[in-house]
1. Which residues, taken from region 279-316, are farther than 19 Å from residue 79 by Cβ and not polar (S, T, N, Q)?
2. For residues that are within 24 Å of residue 211 (Cβ to Cβ) and acidic (Asp, Glu), tally how many sit in region 250-288.
3. When only residues in region 231-265 that are of a type outside the set (A, V, I, L, M, F, W, C) and in contact with a helix residue (DSSP H, G or I) (Cβ under 6 Å, 6 or more places away or on another chain) count, which is farthest from residue 307 (Cα to Cα)?
4. Can you tell me how many residues within region 46-61 are modelled with pLDDT of 95 or more and part of a loop (DSSP other than H, G, I, E, B)?
5. Restricting attention to region 167-176, does a residue exist that is assigned to a strand (DSSP E or B), over 30 Å from residue 50 (Cα atoms) and modelled with pLDDT of 95 or more?
6. Select the strands (runs of 3 or more DSSP E) contained entirely in region 183-288, then report the ones holding at least 3 residues which are of a type in the set (S, T, N, Q) and under 28 Å from residue 52 (Cα atoms).
7. Grab the strands (runs of 3 or more DSSP E) fully contained in region 62-154, keeping just those with 1 or more residues being open to solvent by 40 Å² or more (accessible area, probe 1.4 Å), closer than 30 Å to residue 295 by Cβ and in contact (Cβ under 8 Å) with a residue 24 or more places away in the chain.
8. Do you know which residues across region 289-325 are of a type in the set (D, E, K, R), more than 17 Å from residue 212 (Cα to Cα) and part of a loop (DSSP other than H, G, I, E, B)?
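The values are calculated or read from the model by the stated rules, or taken from the named source; none is laboratory data. Small disclaimer: the values here were computed from a predicted structure and weren't measured. When we count neighbours, we look across all protein chains shown, and the Cβ atoms used for this are built from the backbone with ideal geometry, even at glycine. Heavy atoms of the whole protein, side chains included, go into the accessibility calculation; ligands, DNA and RNA do not. Shrake-Rupley method; radii C 1.70, N 1.55, O 1.52, S 1.80 Å.
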Amino acid sequence: RRRPGRTTLARPVSYHAAMHGSPEIVPLAAGAARAAIVVGRGGACASAVLESPQGPRDVLWAPADFTGPTGRPSGGGIPILCPFPGRLPTTTIDFGGRVWSLPPGDALGRPIHGLVHERPWRVVERDAARLVIAFRLSADAPDALHRWPADFSLTATWSLGPGRLDVALDLLAHGTMPAALGLHPYHPVPVVPGADPRDAAIEVPAALWQPQERLLPVGVPRPAEERRRDDGSPIGLPGAAAWEGLVLDDPFCGLATDALGRVVARVVDRAGGAAIRAEWDPVFSACVIFTPPHRQAVCIEPCTTLPGRGDFAAAAGWRVLADGERLTARYAVAAV
């Protein structure tokens with residue numbers, strides 16, 4: 001039964017419009033809170049202004065051109081990453097006795113961030129504060145169907161409250177395939193406009209850090225205390241990493257959960273006490289912390305696997321889904 005005021009749609013968005021024009025954007029509203037979902041390119045949340053003790057404020061950062069025809073789909077807001085987050089080591093993967101070819105994506109020619117974040121999605125259900133959108137590889141990116149071992153469907157349900165934005169992801173395999181999910185949120189630094197960014201800190205309950213070479217994993221995860229700043233001092237994890245001088249593009253794992261079984265991370269203004277609070281299901285067993293060179297934001301990216309592994313190892317968090325099996329995950333962000 002439909003709720004009053006809801007429309008139910010199954011409306012494809014043209015790939016040409018998504019790639020060569022400004023993509024379709026659906027606004028959400030709840031009290032003074034506002035959010036914008038880029039249905040026409042990746043299903044990402046482009047912006048979210050939430051109620052807070054300091055009044056309505058942004059909890060996401062994006063460049064001015066993010067929703068325009070030249071915007072980089074993974075460059076702001078909360079992009080959705082599937083069926084793999086982060087990088088894979090090469091453009092070929094070996095699975096089920098076959099070799100599959102993926103397009104290069106990063107500066108070194110490696111695949112990055114999956115197959116859905118650049119593509120148009122479809123609206124399934126919509127009301128003022130809730131949006132259900134869907135993507136199916138064979139229907140919405142048929143030219144990429146040969147790039148992954150099986151077809152899949154992904155549904156994202158965005159829900160907005162006055163002080164909180166939630167997204168629930170539901171990945172359904174239409175054949176046997178390796179599967180992982182990720183999100184790539186950009187949070188503004190400082191968290192309150194006009195505050196001193198030198199007072200900012202990043203709190204992530206990560207006990208382990210994955211060493212890397214050329215942004216690919218090397219060896220096994222090590223204690224997070226071993227990750228050092230450029231000056232040789234500890235970054236401060238687990239616990240709080242001061243923003244000043246922090247330069248990272250690193251995966252972390254060993255994530256502790258709170259009493260309710262959630263992983264909680266924060267970006268904090270230590271002088272004023274304001275914070276952006278992110279929480280996610282422990283199925284997101286790893287996260288990448290990325291400090292973009294522009295220094296206007298920090299990315300705390302929950303992932304269901306440690307990025308960079310092309311062997312689909314279960315120990316790193318990879319799932320192998322059979323036809324009809326699902327991988328689900330939830331994430332939320334609030335202004336506190």
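1. 282, 295, 309, 310, 311, 312, 313, 314, 315, 316
2. 1
3. Of region 231-265, the ones of a type outside the set (A, V, I, L, M, F, W, C) are 231-234, 236, 238-239, 244-245, 249-251, 254, 257-258, 261-262.
If we keep only those that are in contact with a helix residue (DSSP H, G or I) (Cβ under 6 Å, 6 or more places away or on another chain) too, we end up with 234, 238, 244.
Numbers: 234: 23, 238: 20, 244: 26 Å.
Of everything passing the filter in region 231-265, 244 is farthest from residue 307 (Cα to Cα).
4. 6
5. yes
6. Those strands (runs of 3 or more DSSP E) do not exist here; none qualify.
7. none
8. Across region 289-325, the qualifying residues are 295, 323, 325.
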